[in-house]
Structure formats: structure tokens, C-alpha cells
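Colleague: My questions will all concern the structure given below.
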Amino acid sequence: MSDAVENMDGKNNAQIKQELSVTLARAKVTNNPLYIAKVYQQLANWHYHSLSSENKDSVYYYDNQALLMLLKTKETELICRAYKTVGSDLDDIGQHAQAEIYLFKGLKLAHSIGFQKEINSIHALLSILYSNTKDYDSALKYSEMVVAAYKKDNNTHPLIRALLILNQIYIELGQPEKGLAATNEALALTAKLPEERRNSETINVRAWRGKTYRVLKRYDEALKDFEFSWEGMKKKNNGQADGWKGDIGSIYHLQGKHAEAVPYLKDYINHIKGKTVNNPDDLKNHYLWLAESLKALNQTDSAYIYLAGGKDIEINALQQESKSLRNELRVKYETEQKDQTIASQSGQIEQQNKIQVLSYAIGGLLILLLGGLFFTYRNNQKKNLQLQALNSSLETTNIQLDKRNTENELLLKEIHHRVKNNLEVVSSLLALQSAKIEDPEVQDAMLASQNRVQSMGILHQKLYQSEHLAFIEMKNYFQNLCENILDSYNETDRINVDIEMNEVELDVDTAVPIGLIVNELLTNSLKYAFPNGKKGSIKLSLENVDKDNLSLKISDNGIGKTLNTKAKGTGFGTQLVDLLTRQIGGKLVQEVNDGTMISINFKRQLAA
């Protein structure tokens, strides 16, 4: 299965994921933590390799689940690797402080058992982590340790990769000549590689050397390296060659050969569109190079488009950096400190509002006084100066208010993130407790509670990832919710859920009860509509009836429910659905015809 995941071609991705879900269900039945951990790791690899996912949060989630399982075993080497992997995942999603903690846990464990291979690997990841946080002195320290260790072991392939990382750090430290020496050393080592690796590594190393030549403004030498790498990628015929054309275009641009630069830069940018970008600064530079070349060719309209694209990438990168900094604050400060910060900022905003109201009142009085002193020139001049000073004060106050509002918005996103993390902890605790319970009815109740918590956790995750804090897009939320429920009941291959709806946005106060209602109704269908292993399908939709009303519908093609009969199980789910329906002012209708359909009509609440 691991080979199938690593060699996915995009056509068989869904099938492989379905097989992994079935394998996970079987692993859970065995209650073997080592077996379960390995399946979780393959699910993480699926999200890492899948072009349809590329979801770094999902990669981290499954790798972390694998770590939790391995901690129940005595497999020390596997635990050490899992700490390293989770640390790398956290670095990828911008949680650098947490990443550092996990990497050092793995490093401590590796030292305790003399696991030198993992010590070297973790040192390499620490150098990358510190590069990402722009602590280049620390990055250089660990990178040099890795290079020295691989040289001592005569470990050629990892040594080449370590030298390339060292090259990038030297460039960031303003020492490109040292970086060039590192790439030349790496290039010389490629001759020692086995034939099946030699060509691809030579292509890679010469591309990095070309980037170093570009920093040194040795453009002719850089162009030779870039063209060599591009020609090598074309021979592989894997559809990735255009991703190597941007560097060639950059050299033509820097040499003033703008007509030659444009097609290379355009092909590179078109190739990158829709893909995950690991180096936004590099992509931004390509947009700006293309804009400058188009401007030089008097194609000003096109130049403006690419200039705007480059600026958008720069803004997005700054936003991601801001998000990373907020994550650092979340780790460093306790909840009580955050509450104090919120209260302090709210007080400051209230004080600024009072100042603004008072300022307007003073302005009105000044206007009256100016009217009374109209015929006195000197007094009139004095009052005008006072008004100018007041307007300047008001402008300053408005700027401060805008700044406070922005800070509060960022803080609210951070709170949503913390709520989501806390709900994940609650869900994990329920799962751990459920694993120790033998009574099937109690296990079922624990699983239902776990799904209710996860439905709210998914919603808060969507909120902190969204640009809007007051409302949430429900179709994407339903897709994540349904996938989670099917996975928890191991029904991904037996039951199919179709979400037939357009994108609909709801305010948070409505989205929470709607999410819980869908969780209960979908769970009820999975448990009772398809007995004895029967396959079936469930349809889910949320549509606008008119501008003020919406309709939620969930239907299945199961055995159908007998109306006016006592609810199966504890009946708590039915009571919860009725309560939540009343909370949103809705009306619930049930129909039984070749299955069961439940519809709830309710009024739309205006998003803040």
C-alpha cells in the first residue's frame, strides 16, 4: 500500500484513499496500536502526495494520530521518527514554536538510544525550521553539524541534500561565495551516486548552483546551469519541465533580453497556477520580472496584470507570516493572559469612542463660537487654527481605531483556532475513554458525543481559516463533516453521501445548530436506515427558498422510518434535533417514501 501511495498518478487517488479507509477500519478492530499507527501514516502520505488534497492540516492530523498510537507501544525508534515527522508537519503549517518542541523531543529520544541516523535527520529539519523563522545563525549551526556528520559517515546522497540547504543559508546570510563552494562540492559528489539517482540529482544541484550564480550576477554561468536542468527535465517527460523555465526567463530578463524572457516566465507562472507554492518570494520575483519585461516591451496592460499578481503574492506571504506570529503568541501566552488582553483592548476601544464623541461635541461648540466672533478677524483666525488641530486629532483617533479593530479581528481568529484545538483535545479524550469501554451502548453514546464535538471543531477550523469571521460557507463544511462521520463509523465504502447544493453562507449562530442537526440525522441514517450490511446513499442539501428562508433536506434510500413510533436508542438525538430546530425557529417535516426524508425550513439570520 505504501508503494501505491507514493506512486499515485491522480487517476487512482480516490480508490487508494478508499482502500486506506477500509484498512484503517480493520486495524481499529484489531486494537493493535502499531498496526493502526502505520495506517494513519499512510493516510498522511496520501494527503501529502495527492494533488487533489495537498492539505497540510490533514497531513499533520494523521501523522499526529500515528504518534499517539505509537506512544502506546515500546517501539522507541518509530516513536522517535514520529516526533520528527510531526515536528516537520507543524513547521509546514507555520506553528514553528510547537514544531521546535516536537523536534527536540525526538532529538532527546534519539540521543538516549544512540540513533545517529535520526539525530542527523532532526538536525537537518532544525536548520530548515530556523531558516523559516529567519534565525539564520541557528540554522547555520545545525546545517554545519549535519554536513560534518554525513561527511564522517561518507553518506553521499544525504550529504548532497545537506550541502544544498547550507548553500541557501549562506545566501540568506549574504555569503553567496560560500554558498557557491557548497553547491560545487555537492555537484562533485553526484559522480559517486548510483546511476539511477545520478542524473536527477545532477539536474537538481545545477539548478541550485544557477540560483547562486544569479545572486552573484554571473548570469552567463547561471544560464548554462538552468538550461542544463531544463533539458534534463524535458527528457524525463513527466510534465514538470515548464516548472524549470522560470529561472531561464529570469536570466534573460536580468540580461535585458526581454523578448526572450517573456515566454519562459509566462510558461513557468502558468505551470505553477493551482499548485502549492513553497517559496512565495521566488514566485513573486518571477511575476515582477515578467511585469518589468512586458513594460520594457511597451505591453503596459499585461505588465500591470502581472505586477498586481506579484503584489498579491507578497501580501499573502505577509499574511501567512502574520498568522505564524499569531500562532507563536498562542503557544507563549496562557488563556488568562489573552482574556486580559481582550479586556484591555476592548476598554481602549471604548475609551477611543468616548474621545471621538467628545471631540464631535467640542467641534459643534467651536462652530457656534466662531459664528459669534465672525466679525473679529484675530479671533476667527485663532478658532480656525483650533479646528485644524481638532481635525488632525480626529484623524489620528480614527487611525488608532482602525488599528485596534484589525488587532481584534486577528485575535478573534486566534480564539477560533484555540477553540478548535480544545475541541480536538475533548474529542481525543472521548476516543481514548471509549477504547476502554466494553458496553456497546456506552461506546455508541461516546462515539455520538465525539462526532458532535468534532462537528463544532470543524466549524471553528473553517472560521479561523476564512477571511470572514461572522459567517461560514456551508457546502464545504458539510463535505468535511460527512467525511468525518463516515470515517468514524467505517462506512466510507458502503454508504455514499451526495451533497447537492450551491454554496450557501450562514451566520455562526445558525451554522452551529445546523451542523449538529446534520450530524444527528446523518448518524441516525447510518445506524438504522441500512441494516444487515445493505449499501445505500444519503442526499444532503441546503437551499434558498427565497431571500428570507432556507430549507435543509436529508434523505436516504434505506428501509424507511415508521412514523409516530418511539425513537430507537436513547432518544437523545431526536430530542436534540427538536431542540435545535426550535432554536433556529424552524419547522421539521418527515416523509417516508422509498426511504426517509427530513426537511427543516427556517429563516435566514443576517450575518454581522
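The values are calculated or read from the model by the stated rules, or taken from the named source; none is laboratory data. Remember, it's a predicted structure, so these values are computed and weren't measured experimentally. Using ideal geometry, Cβ is built from the backbone for each residue, glycine included, and neighbour counts are taken over all protein chains shown. Ligands, DNA and RNA are excluded from the accessible area calculation, which covers all protein heavy atoms including side chains. Shrake-Rupley method; radii C 1.70, N 1.55, O 1.52, S 1.80 Å.
Colleague: For ASN480, put the label point 7 Å out on the Cα→Cβ axis and report which residues of region 500-516 keep their amide N under 17 Å from it.
Modeller: Under cut-off, by backbone N: 503-516.
Colleague: Could you tell me the largest-minus-smallest coordinate of the C-alpha atoms of region 17-94 on each of the three principal axes, in descending order and whole angstroms?
Modeller: So the extents along the principal axes, rounded to whole Å, are 31, 28, 13.
Colleague: Same structure again: Give me the percent of accessible area attributable to carbon and sulfur for region 93-156, probe 1.4 angstrom.
Modeller: 51 percent
Colleague: About the Cα centre of region 240-297, how large is the charge dipole given +1 on each Lys and Arg Cβ and -1 on each Asp and Glu Cβ? Please answer in debye to the nearest 20.
Modeller: Dipole of region 240-297, to the nearest 20 debye: 160 debye.
Colleague: For region 253-270, what does the Karplus curve 6.51 cos²θ - 1.76 cosθ + 1.60, with θ = phi - 60°, yield as ³J(HN,Hα) per residue in whole Hz, taken in order and with x for Gly and Pro?
Modeller: Per residue, the Karplus-derived 3J(HN,Hα) values read 4, 5, 7, x, 8, 5, 4, 6, 5, 4, x, 5, 5, 5, 4, 5, 5, 5 Hz.
Colleague: Whenever you get a sec, compute what percent of the accessible area on region 220-306 sits on carbon and sulfur atoms (1.4 Å probe).
Modeller: It is 46 percent, rounded to a whole number.
Colleague: So for each of 529-539, 70-80 I average, over its residues, the number of other beta carbons within 10 Å; can you give me the resulting order with the highest mean first?
Modeller: Per-residue Cβ counts within 10 Å, averaged per peptide and sorted highest first, yield 70-80, 529-539.
Colleague: Per the 1.4 Å probe, what fraction of the accessible area of region 24-75, in percent, lies on carbon and sulfur atoms?
Modeller: It is 50 percent, rounded to a whole number.
Colleague: So, one more: Using the Cα atoms of region 54-204 to build a convex hull, what is its mean projected area in square nanometres?
Modeller: Reported value for the Cα convex hull: 9.8 nm².
Colleague: If you place +1 on the Cβ of every Lys and Arg, -1 on the Cβ of every Asp and Glu, and leave all else neutral, what size is the dipole of region 189-245 about its Cα centre, to the nearest 20 Debye?
Modeller: Using Cβ point charges on Lys, Arg, Asp and Glu, region 189-245 gives about 160 debye.
Colleague: Rounded to whole Å, give me the distance from the Cα center of region 150-171 to that of region 490-567.
Modeller: With region 150-171 and region 490-567 each reduced to a Cα centre, they are spaced 54 Å.
Colleague: While we're here: Relative to the Cα centre, what is the charge dipole magnitude of region 112-213, using +1 at the beta carbon of each Lys and Arg, -1 at the beta carbon of each Asp and Glu, and rounding to the nearest 20 debye?
Modeller: 180 debye
Colleague: On average, how much accessible surface per residue is there in region 87-214, in Å², for a 1.4 Å probe, leaving out ligands, DNA and RNA?
Modeller: Dividing the accessible area of region 87-214 by its residue count gives 45 Å².
Colleague: Let me ask another. Taking the Cα-to-Cβ direction at LYS224 and at GLN388 and moving 7 Å from each Cα, how far apart do the two end points lie in nm?
Modeller: With each label placed 7 Å out from Cα toward Cβ, I get 6.6 nm.
Colleague: Using the heavy atoms of the protein chains and a 1.4 angstrom probe, tell me the accessible area per residue for region 467-608 in square angstrom.
Modeller: Averaged over the residues of region 467-608, the accessible area is 53 Å².
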